Every structure is written in C-alpha cells, then in structure tokens.
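In what follows, a structure is listed as structure tokens, so that the remarks can point back to it.
The values are calculated or read from the model by the stated rules, or taken from the named source; none is laboratory data. Because the structure is predicted, anything quoted here is derived from the model rather than measured. We place every Cβ from the backbone using ideal geometry, glycine too, and count neighbours over all the protein chains shown.
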Amino acid sequence: MIRKSDIVRSLVAEHQYKKALKIAKDFRLGITPEQSLKMKKAYECMVHERFYLSLGEDTKARIAEGIETIVSIYGRENENNAEVVY
C-alpha cells in the first residue's frame, strides 16, 4: 500500500510542488498548525492567484513559504539546483 505521504515525498523530489501541496495541505499528523496554514495558503495562491492579489497578499512570498515548508517536511533538495515547477 502506498501512503499519501510517500506520494508527497515523490512529488517533492520531482519538484511538482503544486501537486504535492494539493495533497499535503490537508495533512494533520506530524504537522503544526503554522505549517498547515503555510501549505494551504501557498496552494490557494497558486490556484487562485488573482483573488489573493486583490486582497493585497504577496502571492509569490506565500508560495515560496509553502514550498519551503513542504520541502523541509517531505524532502531535502539542493537549493542551488532548485527548479520551481507549479
């Protein structure tokens, strides 16, 4: 049986952050409320960017925070070779 966390790890390793955040944003076990909020906000900013821009959110910063959070939890990557794929 493949666990969702294994799928997220695989997606993070492949730099598929949007897909990884879509799954991980609803995780509860082992995730702090702050981490959960960052992942949810990042995913929402990816999907509904114009809405969050209209609210005055810095969508690029929120997305970067979410990606940083998911990478710190589910994967390690070399920052110099990071290629962001939404």
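Within the range 25-54, the set of residues being over 15 Å from the mean Cα position of the chain (by Cα) and at pLDDT below 95 comprises Leu29, Gly30. Of the residues that make up the range 16-35, is at least one surrounded by 16 or more Cβ atoms within 10 Å (Cβ to Cβ), in a helix (DSSP H, G or I), of a type in the set (Lys, Arg) and in contact with a strand residue (DSSP E or B) (Cβ under 8 Å, 6 or more places away or on another chain)? The answer is yes, given that some residue of the range 16-35 is surrounded by 16 or more Cβ atoms within 10 Å (Cβ to Cβ), in a helix (DSSP H, G or I), of a type in the set (Lys, Arg) and in contact with a strand residue (DSSP E or B) (Cβ under 8 Å, 6 or more places away or on another chain).
Contact annotation: residue pairs with Cβ atoms under 8 Å, 6 or more positions apart or on different chains, pairing a residue in the range 45-74 that is touching a residue at least 60 places away in the same chain (Cβ under 8 Å) and under 21 Å from Val8 (Cβ atoms) with a partner that is small (Gly, Ala, Ser) and surrounded by 19 or more Cβ atoms within 10 Å (Cβ to Cβ), are Ile70/Ala20; Ile70/Ala24; Ile70/Ala42; Tyr74/Ala20; Tyr74/Ala24.
Could you say whether any residue in the range 74-86 is modelled with pLDDT of 95 or more and within 14 Å of the chain's Cα centre (by Cα)?
no
Does any residue in the range 1-20 that is of a type outside the set (Val, Ile, Thr) come within less than 7 Å, Cβ to Cβ, of a residue that is in a helix (DSSP H, G or I) and modelled with pLDDT under 90 six or more places away or on a different chain, and which pairs are these? From residues that are of a type outside the set (Val, Ile, Thr), there are no pairs. In this entry, Lys38 is excluded by the filter for residues that are closer than 16 Å to Ile63 by Cα and touching a Lys or Arg at 6+ places or on another chain (Cβ under 6 Å).
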